[in-house]
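**Q** One structure is given below, represented as structure tokens, and several questions about it will come after.
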Amino acid sequence: MTETPRTRVGATPAGRRQLRRALATAAVDLFAANGYEATTIDDIAAAAGVGRRTFFRYFDSKDDVLFANHDEIVAEMEQVFETADPARDPIEVATAAVSLVLESYAAELDVSLKRFTLTRTVPSLRDKEVATVDRYQRVLARYLQDRFAAAGDEAATLRAAVAAAAIAAANNHVLRRWLRSGGRDDIEAAATEAFALVADAFGTSGGKCSGVAEPGTVVAVLSTATPLHEVVTRIGAVLRAEPR
């Protein structure tokens, strides 16, 4: 095909990011207008002003293009961890890092709303979204495990896994409520409230993990319909309880 200005944009790192987002925007618009199944990779590439081969330099499939900025967000989260003050509460650092996900969605409202509709109706996209959330959670867990272990917590692996799951759940709760509101809710205020609950349950004090009821293990059995604030509050209450 004839080279267009957008084709040449991919020659630099910034240009490649721009082209990835152009492909993602084109895909979302086409999926919303014509349907996911009816939209081809050739359609997406043409709408972005590139060829089919260029599309495959950036994505392996149509599913991948809907989450074009995923790798960028993970890299930014890891940068937050690398540059964080080691004296700062690790839960505070982790929630600040995962807030980048919310900021990314809020920065592209139209794309975010269309993607939300698609992930609710297309099973393969829903599966891709679940895998994306799982990767965020694993990145959080690795960071928290290192911090908890450095603080001398013998249950660092378990505590990090549970805390990371709570942070991911809080993030998803805020994000989905905001998307259901059509982006009208105050996403920043909702995130502050949700992450405060997580910090209350899993935050640290004086370099040691607070609320450690050694040597027990907490097993919580709750309905999936249980509200987020109740889940976090109940787990936090058990963690803070004095051993009997």
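The values are calculated or read from the model by the stated rules, or taken from the named source; none is laboratory data. Just so it is clear, the model here is predicted, and its values are computed rather than measured. Cβ atoms come from the backbone with ideal geometry, glycine included; neighbour counts cover every protein chain shown. In case anyone asks, the SASA skips ligands and DNA or RNA and just uses the protein heavy atoms, side chains included. Shrake-Rupley method; radii C 1.70, N 1.55, O 1.52, S 1.80 Å.
**Q** First compute the accessible area of region 76-119 with a 1.4 Å probe, then give the percent of it belonging to carbon and sulfur atoms.
**A** Carbon and sulfur together cover 51 percent of it.
**Q** Once label points are set 7 Å from the Cα along Cα→Cβ at both Thr121 and Leu109, what is their separation, rounded to one decimal in nm?
**A** Going from the Thr121 label point to the Leu109 one covers 2.1 nm.
**Q** Could you tell me which of rounded, prolate or oblate describes region 128-201, using a ≥ b ≥ c as the square roots of the eigenvalues of the alpha-carbon gyration tensor, with rounded for a/c under 1.5 and, failing that, prolate when a/b is larger than b/c and oblate otherwise?
**A** Judged from the Cα gyration tensor, region 128-201 comes out oblate (a/c at least 1.5, b/c at or above a/b).
**Q** Need one number: nm distance between label points at Arg57 and Ala87, each 7 Å from Cα along Cα→Cβ, rounded to one decimal.
**A** 4.8 nm
**Q** Using the heavy atoms of the protein chains alone and a 1.4 angstrom probe, what is the accessible area of region 1-141 per residue in square angstrom?
**A** That works out to 50 Å² per residue.
**Q** Pop the C-beta distance of Ala14 and Asp42 into the FRET formula with R0 = 25 Å and round what comes out to the nearest 0.05.
**A** 0.45
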